[in-house]
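Report on the following structure.
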Amino acid sequence: MQPIRSWNQENVDQLFSSLSGGIRPASPLEILGLFAGLVLVLLLLIRLDQLRRQSRRKRLIQHSRLNFEAMVEERKITASEIDLLQKIVAFTPDPEISLSLLCREEQTFYLALRQYLNSQAEAERMARTPQLARLIYRLDFPPRKDGLEAFTSIDLPPGTVFYRDNQQAGRLQSQTAEYFVLQMSNPLSGEAAIHRTEGRYTLQLMPLGESRYQHTLLWRAPQRRAHVRFPLSIPATYNRERVELINVSAGGALISGSETAADGSLRFTLQGSSFLLEARVVSISRHGIHLQFKDGQMAITDRLFRNLIRGKP
């Protein structure tokens, strides 16, 4: 039996020396070649990713085009309306793949429409309105809900109240792609106003005969108050004194006919519902006494606002 050879430091040094003797340091040219190879591999991967993205984008564009063509045929969209859609879709982040989305998604359409209208001169906007109304009608978008900005008369739901000279003058009965019909006692023309939760709008009434009116643009009127005010002209009592309620909102009211200008209680009836609100005087003008409803009456003011929005006489 042979004795086990001890591994001392000299043996270890000899072992590592023999191993490292077979390793030759790389030359600068070899290092440069290795680096160039890695760069080529990286560029190839980047190019493959670009091709994959381009292929996916082509499929999306083709899919969008096919969907749009099907929608054009289904909803009988005309060539001039297609031209208008092309102008509107230019205001989306990616027009090439947004065309069919613009025709399906109400929010996408109205976001782009706002920017398109803002880019047009007033005369151009007015000239485009009938065509725009027909387009919205064909796209089958529902009337804009209260709180969402409206742009044309076709965005209004049936029952919307029209005001002239701070008096209720008519109510939207129905509408088609070409016109809307007002229910009214006397023929209307010229400027009218409507009130929605997001604000007050004005519009020009253009009669077509038989209670029909051409679709028109809605102009958002500046609102100085924190709440939308609704013109009325109804009797009320303020501190047990008979007054006239000229306008009212969920935050306050304007009254005339009062001999005193002290804080107190405002009582009136609207649509068969009685309201009693505590108010403070904030100012007096030639129009009357301006009141602000006191805090802590939210349940009453919310009910009042719902009644005002319905606008029933």
Q. In nm, what is the difference between 0.36 nm times the number of residues separating residue 189 and residue 242 and their Cα-Cα distance?
A. 15.6 nm
Q) Kirkwood Rh over Cα pairs of region 230-310 into Stokes-Einstein at 10 °C, 1.306 mPa s: D in µm²/s? A) 128
Q: List every residue whose amide H lies under 5 Å from the amide H of residue 170, counting only residues 5 or more places away in sequence or on a different chain, with H placed 1.01 Å from N in the peptide plane.
A: 162
**Q.** Rounded Å value of the spacing that divides the Cα centres of region 234-296 and region 154-192
**A.** 28
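Which FRET efficiency value, to the nearest 0.05, do you get for residue 114 and residue 267 by plugging their Cβ-Cβ distance into 1/(1 + (r/R0)^6) with R0 = 41 Å? Show your work: numbers first, answer last.
Details: r = 42 Å, r/R0 = 1.02.
The formula returns an efficiency of 0.45 here.
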Q. From the phi of every residue in region 253-267, what ³J(HN,Hα) in whole Hz does the Karplus formula 6.51 cos²θ - 1.76 cosθ + 1.60 yield, where θ is phi - 60° and glycine or proline is x?
A. 7, 10, 10, 9, x, 8, 8, 10, 10, 10, 4, x, 10, 10, 10
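What relative contact order, as a whole-number percentage, does the chain give when Cα pairs under 8 Å and 6 or more residues apart are counted?
Values: 433 pairs, mean separation 26.9, N = 313.
Taking the mean separation of contacting Cα pairs over the length of the chain, I get 9 percent.
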Q. Where in the chain are the helices, taken as whole DSSP H runs, whose Cα atoms extend 27 angstrom or more along the long axis and whose Kyte-Doolittle mean reaches at least 0.0?
A. 28-75
**Q.** Reciprocal of mean inverse Cα separation for region 13-163 (Kirkwood radius, Å)
**A.** 20.3
Q: Give the residues of region 180-204 whose amide nitrogen is closer than 16 Å to a point set 7 Å from the Cα of residue 148 in the direction of its Cβ.
A: 196-199
Q | Estimated dipole of the chain in Debye, rounded to 20 [Cβ of Lys and Arg +1, of Asp and Glu -1, Cα centre] | A | 400
Q: Calculate how large, on average over all directions, the projected area of the Cα convex hull of region 116-187 is; give the answer in nm² to one decimal.
A: 5.8
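What order do you get for 90-103, 149-162 when each peptide is scored by the mean count of other beta carbon atoms within 10 Å, highest first? Numbers along the way, then the final one.
Numbers: 90-103: 17.1, 149-162: 20.3.
So the peptides 90-103, 149-162, ranked by packing, come out 149-162, 90-103.
Would you kindly calculate the mean projected area, averaged across all directions, of the convex hull enclosing the Cα atoms of the chain, in square nanometres?
38.0
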Q) Can you give the three extents of the C-alpha atoms in region 153-220 along their principal axes, from longest to shortest, in whole Å? A) 29, 24, 19
Q.
List the residues, sorted by chain then number, that are 5 or more residues from residue 198 or on another chain and whose placed amide H is less than 5 Å from its amide H.
A. 147
Q) Of 131, 188, 61, which is farthest on the positive side of the dipole of the chain, counting Cα position, with +1 on Lys and Arg Cβ, -1 on Asp and Glu Cβ, and the Cα centre as origin? A) 188
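Take the Cα gyration tensor of region 129-261, multiply each eigenvalue by 5, square-root it, and list the three semi-axes largest first, rounded to whole angstrom.
Details: eigenvalues 205, 54, 23 Å².
Result for region 129-261: semi-axes of 32, 16, 11 Å.
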Q) To two decimal places, what compactness ratio does region 79-138 give when its Cα radius of gyration is scaled by 2.2 N^0.38 Å? A) 1.04
Q: Straight distance only, please: which aspartates and glutamates reach the Cα of residue 145 with their own Cα at less than 19 Å, same-chain residues fewer than 8 apart left out?
A: 105, 106, 155, 198, 302
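By how many nm would the segment from residue 105 to residue 34 lengthen if fully extended, with 0.36 nm per residue of separation less the alpha-carbon distance?
Working: separation 71, 0.36 × 71 = 25.56 nm, distance 5.29 nm.
Extending this stretch completely gives an extra 20.3 nm.
Just so you know, all these numbers are worked out from the coordinates, no wet-lab data involved. Model, not experiment: these values are computed from the prediction. Cβ: placed from backbone, ideal geometry, glycine included. Neighbour counts: every protein chain shown.
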